[in-house]
Amino acid sequence: MAVSKWLRKGHIGADRRGDLRIICTGETVVDVLSPRPQASLQARILDVGTSSLKLSFPCFVSPGSLLRIHLTGFIADAEVRHCTCEHSEYHVGVNVVEIIPKDQTSV
């Protein structure tokens, strides 16, 4: 996985997404790879897009952090684009960089 290229500030205002978002729910496990490695964080998937996910975490995750998201049959490498506090949880928007089938990761 490449080094984060996150250099922009958060966006305030109208939604500028070009891809369709679909509300989705499910539990997943996420490893933070950098800048502060942390293994096996529990997260909930809130919605999905063509190359993005919105996740709910119990803790703040810094924009620019690189993540490995463990899904049912795949592992997704992603970069955090934004993190906002919503009541007692944090909503994290990620840009998916690569999706790898789990059967290829054991080779």
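Tabulated data for the structure shown
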{"quantity": "Solvent-accessible surface (1.4 angstrom probe) belonging to Asp47, in square angstrom, nearest 10", "calculated": "20"}
{"quantity": "Rounded percent of accessible protein surface that carbon and sulfur make up, the range 17-107, 1.4 Å probe", "calculated": "56"}
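The values are calculated or read from the model by the stated rules, or taken from the named source; none is laboratory data. The structure presented is a predicted model; accordingly, all values stated were derived computationally and were not measured. In case anyone asks, the SASA skips ligands and DNA or RNA and just uses the protein heavy atoms, side chains included. Shrake-Rupley method; radii C 1.70, N 1.55, O 1.52, S 1.80 Å.
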